[in-house]
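Take a look at the structure set out below.
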Amino acid sequence: MIRFIVIATLFCFILSTQAPMTHAENRELLIGLIPEQNIFKQIERYKPLARYLSEKTGITVRLTILSRYGDIIDRFVQRGLDGAFFGDLTGALAIEKLYIEPVVRPVNLDGSTYSYGYIIVRNDSGIKTVADMKGKVLAFVDRATVTGYLFPLSYFRSHGVENLNDFFSEFYFTGSHDSSVYAVLDGRADIGCVKNTIYNNLVSRDPTIKSELRIIAKSPLMPESTLCLRKDLPEDIKKMIKEVLLTMDRNDEGRQILAKLQARRFIAASVEDFKPVYEMLKTVGEDIETYQYRVR
Amino acid sequence: MILSILILLSIVASTLHAATKEKIIAGVVFSGDLPFYREIHEELVRKLFDQGYDQKIRFIVQRPNPDTLAWSNAIRKVIAYDASLIIVYGSGAARAALYESSSIPIIYAAVYEPERSGIKGKNIRGVGYKVPVSSIIRYLRKTGNIKKIGVLYSKSEPSTQTQYNDVKDVCKSLSIDVVKIPVKRPGEIGERLRLLSYDSLLLTSSALINKYFPDYILVFKKKSVPLVSIMEGLEEYSLITLSTDPRKQGAILAKNLIQFINNGNIDSIKNTDLLKNSLTFNMKLAIELGLDIPVELLTESDRVIK
């Protein structure tokens, strides 16, 4: 509840960075972010990138953070977004429902270009198998994520759990991946779901976390956060943005900003990257056209 | 002769039949008169009523002062009332019940890590809990530079000693010194708080400490250090509280009790360790003490006191 109040107060938080006027004078881009981590950390991570893009392109890049994953689909048009960093499932949903195209996605610090989901428990919980999870409390992230919802759903089904309500004493949505980790660490939930990059980020900042948690299952590879832009944006703008992002690892300033994003560099993204999402949807018997991604 | 034996047998049989129809007498002993235990008991009564079992049991409730002698007296009293079952809340009363009776079935609730705390035996079953002290220390460290944490626990409540050991283990890997603050009587709380040196204080779930700590709050406030707690009830003074949910404890206790009412056998009850905690952050206190306000505490807390 508190989480949502905090998020709600920042609901319309918009960061703007003034850029020196160059060839793209008076132009402005509004880019959306999903609450992959808590909203404060997302601001901290992406603000330097917005400033960098503004400086290099002469286009004022503003960021807006959505309170829930699904909001990025619902509010993309309503808020007049020009693009967004989409997650695995929100990216696939956006490709289907919005007039957008994938532009770039990051290469993680370990060189990987994909991420995957973990199902985690506390080391001292005694939970080793799905059977041990009966009657326990489960923390998903959001219905609009593969690593934080679809994969665990598919995993539990493959282990004979058809009805979550019957099997778990309670399940709920934390809203962000790091919240799911904290819920398990604190004993507010017995089982959590998290994207590996967020898990690794938390562990790198506090190594004690690793010794307290056990990874029960790992998902197939999923696309990393992908910047998608409106298809109808002027070609020169799309090209310029892509160019700046793809080459930012070639200078010190760019590398520092990439480090904040826990990335080595950006690489070109394509619709093909989202294939694993469609496959995961299939395993749980869902269709992207009709999938109910909103948390009710 | 045969006729008189038959008459005697029928009298015995009818008496037994009547007895089984009678209400079960259950002695309930709190480790202290604390809102936390009251909430567990209220939830127990509510659940029994909802499921139509309230007419099958009669409670004799004892809320003794949190000390060894008072717990033993309370247990003896309920035994004298001919209780066929003893229900205990907290490790102090649980240990006293185990000591006073090896034959009457005992069902406990709100005991931290029962096995490790020695709350085990042939005639005892129940619902325990675990609060990861590592989490509370992780959050505490984000509020400031913590180097020396005092742990206030009760020598008479075995679970609170287990909690002290857990804090010690966690702090070892974090290079934080732990100041052991054991108490046996209420007066020792104020004395130790005043004399010892620490830059933060952790209150264990001791009934004695949670009941009497507010009496010494002025002594503690002079130290101007943060307090963290692993039991609901002192959120007004505690910067961070990570506690098990008393309602969940009460609900599982009710389930165990219904099982006992139905088959009269303690062996059928499975020990449960509940891990459903709630987190409270007192932001008002953090500001008063000039501490950092970590984002994680704002976003993760179930309740923020402003």
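Quick notes on this one:
- Residue match in the stretch B:73-86 (condition: of a type in the set (S, T, Y), surrounded by fewer than 24 Cβ atoms within 10 Å (Cβ to Cβ) and closer than 24 Å to B:E43 by Cβ): yes
- Pairs are defined by a Cβ separation below 7 Å, a sequence spacing of at least 6 or placement on different chains, a first member in the stretch A:82-100 that is outside the structural domain of A:I43 (by TED's automatic domain parsing), and a second member that is at pLDDT below 90 and surrounded by 24 or more Cβ atoms within 10 Å (Cβ to Cβ); no pair meets this definition.
- Residue within the stretch A:220-234 that is surrounded by fewer than 15 Cβ atoms within 10 Å (Cβ to Cβ) and free of Cβ contacts under 8 Å to residues at least 24 places away in the same chain present: yes
- Test: A:E286 is of a type in the set (D, E) and part of a loop (DSSP other than H, G, I, E, B): yes
Yes/no per residue for (1) away from every other protein chain (no Cβ under 14 Å); (2) basic (K, R); (3) not in a loop (DSSP other than H, G, I, E, B):
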| position | (1), (2), (3) |
| --- | --- |
| A:L81 | yes, no, no |
| A:F85 | yes, no, yes |
| A:A92 | yes, no, yes |
| A:R105 | yes, yes, yes |
| A:D110 | yes, no, no |
| A:D124 | no, no, yes |
| A:T129 | yes, no, no |
| A:R143 | yes, yes, no |
| A:Y155 | yes, no, yes |
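- The residues listed here are B:G264, B:G233, B:G250; of these, the one that is surrounded by fewer than 16 Cβ atoms within 10 Å (Cβ to Cβ), away from every other protein chain (no Cβ under 14 Å) and among the small types (G, A, S) is B:G264.
- Matching residues in the stretch A:167-195 - criterion: being of a type in the set (D, E), in contact (Cβ under 8 Å) with a residue 24 or more places away in the chain, touching a helix residue (DSSP H, G or I) at 6+ places or on another chain (Cβ under 7 Å) and within 22 Å of B:D273 (Cβ to Cβ): A:D190
- Checking each residue in the stretch B:214-227 for being surrounded by fewer than 24 Cβ atoms within 10 Å (Cβ to Cβ), under 22 Å from B:K306 (Cα atoms) and among the hydrophobic types (A, V, I, L, M, F, W, C) picks out B:I217, B:L218, B:F220, B:V225.
- In summary, B:K180 fulfils each of the numbered conditions (1) more than 23 Å from B:I269 (Cβ to Cβ); (2) within 14 Å of another protein chain (Cβ to nearest Cβ); (3) not hydroxyl-bearing (S, T, Y) with the single exception of condition (2).
- Within the stretch B:169-193, tally of residues that are crowded, with 16+ Cβ neighbours inside 10 Å and either in a helix (DSSP H, G or I) or under 24 Å from the mean Cα position of the chain (by Cα) (or both): 13
- Residues that are crowded, with 21+ Cβ neighbours inside 10 Å and over 28 Å from A:T145 (Cα atoms) within the stretch A:58-78 comprise just one, A:I59.
- Residue list for the stretch B:280-306, restricted to those being in a helix (DSSP H, G or I) and either within 7 Å of chain A (Cβ to nearest Cβ) or not charged (D, E, K, R) (or both): B:M283, B:L285, B:A286, B:I287, B:V295, B:E296, B:L297, B:L298, B:T299, B:E300
- Residues located in the stretch A:196-206, provided they are within 12 Å of chain B (Cβ to nearest Cβ) and either in contact (Cβ under 8 Å) with a residue 12 or more places away in the chain or closer than 30 Å to B:T272 by Cα (or both): A:L202
- Search result, residues across the stretch A:20-53 that are modelled with pLDDT of 80 or more, over 30 Å from B:E300 (Cα atoms) and in contact with a helix residue (DSSP H, G or I) (Cβ under 9 Å, 6 or more places away or on another chain): A:R27, A:L29, A:Y52, A:L53
- Flag if B:K211 is closer than 26 Å to B:Y89 by Cα and either touching a residue at least 40 places away in the same chain (Cβ under 8 Å) or surrounded by fewer than 19 Cβ atoms within 10 Å (Cβ to Cβ) (or both): yes
- Annotation: of all residues in the stretch B:251-277 being in contact with a strand residue (DSSP E or B) (Cβ under 6 Å, 6 or more places away or on another chain) and among the polar types (S, T, N, Q), the one that is farthest from B:A83 (Cα to Cα) is B:N277.
- Criterion violated by A:E101 - all others in (1) charged (D, E, K, R); (2) in a strand (DSSP E or B); (3) more than 23 Å from A:L229 (Cα to Cα) satisfied: (3)
- Put simply, of B:Y153, B:Y112, B:Y129 the only residue that is buried (at least 23 other Cβ atoms within 10 Å of the Cβ) and over 24 Å from B:E188 (Cα atoms) is B:Y129.
The values are calculated or read from the model by the stated rules, or taken from the named source; none is laboratory data. Computed from a predicted model, the values in this text were never measured in an experiment. Note: ideal-geometry Cβ built from the backbone for every residue, glycine included; neighbour counts use all protein chains shown.
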